[in-house]
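Q: Questions regarding the structure given below will be posed in turn.
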Amino acid sequence: MSNQDLYVSRAGLEDLKTELAELLGERKGITERIKEARELGDLSENSEYIEAKNKQSFVEGRIVEIEAMLKVAKIIDENNKANGRVSLGSQVKVAVDDTTREYTVTGSSEANPVVGKISNESPIGQALMGHKKDDVVEIVTPDGSKKYTILKVY
């Protein structure tokens, strides 16, 4: 992870802290599994040992990743939404291709387009940033160029 800022909601920050605490708790159990598996003998054919080592590798990697994220995390300012322009934390309703869509603009770590959370770094998120109700924004996406009309920013 680079040293760039990582924007997260308060809930997103709490989720990261919770996940870190769970992983730290899981760490001890994995260490115990590895110790028990070692006692069984030949490690090259010991599936329990190999599985525990793989799990340990994943858990340790995720712990390092979350700790790095927490060091640079910046909480999205809920007051950003007050000016009526699309910003981090904004919810925005847009019209595109005769349909309406609603998005919440988040930092990249919380983005989940399936549930309408788009990153401020995504093509759509970047293009909508700073715009207000009734603005028409042309956005180039992998599907081609489309016009998004902002219906509401809240």
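Q: Looking at 57, 119, 9, which one is in contact with a strand residue (DSSP E or B) (Cβ under 8 Å, 6 or more places away or on another chain), modelled with pLDDT of 90 or more and among the hydroxyl-bearing types (Ser, Thr, Tyr)? Reasoning before the result, please.
A: On the way: 57 fails: in contact with a strand residue (DSSP E or B) (Cβ under 8 Å, 6 or more places away or on another chain); 9 fails: modelled with pLDDT of 90 or more.
Going through 57, 119, 9 in turn, just one is in contact with a strand residue (DSSP E or B) (Cβ under 8 Å, 6 or more places away or on another chain), modelled with pLDDT of 90 or more and among the hydroxyl-bearing types (Ser, Thr, Tyr): 119.
Q: Looking at region 140-154 only, could you name the residues that are in a strand (DSSP E or B), under 23 Å from the mean Cα position of the chain (by Cα) and either modelled with pLDDT of 95 or more or closer than 12 Å to residue 103 by Cβ (or both)?
A: 153
Q: Residue under question is residue 10, and the condition is that it be touching a helix residue (DSSP H, G or I) at 6+ places or on another chain (Cβ under 9 Å), without any contact (Cβ under 8 Å) to a residue 12 or more places away in the chain, exposed (fewer than 15 other Cβ atoms within 10 Å of the Cβ) and not small (Gly, Ala, Ser); does it hold?
A: no
Q: Among the numbered conditions (1) at negative phi; (2) loosely packed, with under 11 Cβ neighbours inside 10 Å, tell me where residue 34 comes up short.
A: Residue 34 satisfies all of (1) at negative phi; (2) loosely packed, with under 11 Cβ neighbours inside 10 Å except (2).
Q: Take residue 110 and tell me if it is in contact with a Gly (Cβ under 6 Å, 6 or more places away or on another chain) and closer than 20 Å to residue 19 by Cα. Talk me through it step by step, then tell me what you get.
A: On the way: in contact with a Gly (Cβ under 6 Å, 6 or more places away or on another chain): yes; closer than 20 Å to residue 19 by Cα: yes.
It is true that residue 110 is in contact with a Gly (Cβ under 6 Å, 6 or more places away or on another chain) and closer than 20 Å to residue 19 by Cα.
Q: Output the strands (runs of 3 or more DSSP E) that fall wholly within region 45-122 and possess 2 or more residues being more than 22 Å from the chain's Cα centre (by Cα), or say none.
A: Ranges flagged: 91-96, 99-106.
Q: Name the pairs whose Cβ atoms lie under 8 Å apart, with the first residue in region 34-45 and free of Cβ contacts under 8 Å to residues at least 40 places away in the same chain, the second of a type in the set (Phe, Trp, Tyr), and 6 or more positions between them or separate chains?
A: Correct list of pairs: 34/49; 37/49; 38/49; 40/49; 43/49.
Q: I would also like to ask the following. Within region 44-64, restricting attention to residues that are surrounded by 13 or more Cβ atoms within 10 Å (Cβ to Cβ) and of a type in the set (A, V, I, L, M), which residue is farthest from residue 15 (Cα to Cα)?
A: Here the residue is 50.
Q: Another one. So for region 69-85 (the condition being at pLDDT 90 or above and farther than 13 Å from residue 16 by Cβ), does at least one residue qualify?
A: The answer is yes, given that some residue of region 69-85 is at pLDDT 90 or above and farther than 13 Å from residue 16 by Cβ.
The values are calculated or read from the model by the stated rules, or taken from the named source; none is laboratory data. Computed from a predicted model, the values in this text were never measured in an experiment. In this analysis, Cβ positions are derived from the backbone assuming ideal geometry, glycine residues included, and neighbour counts consider all displayed protein chains.
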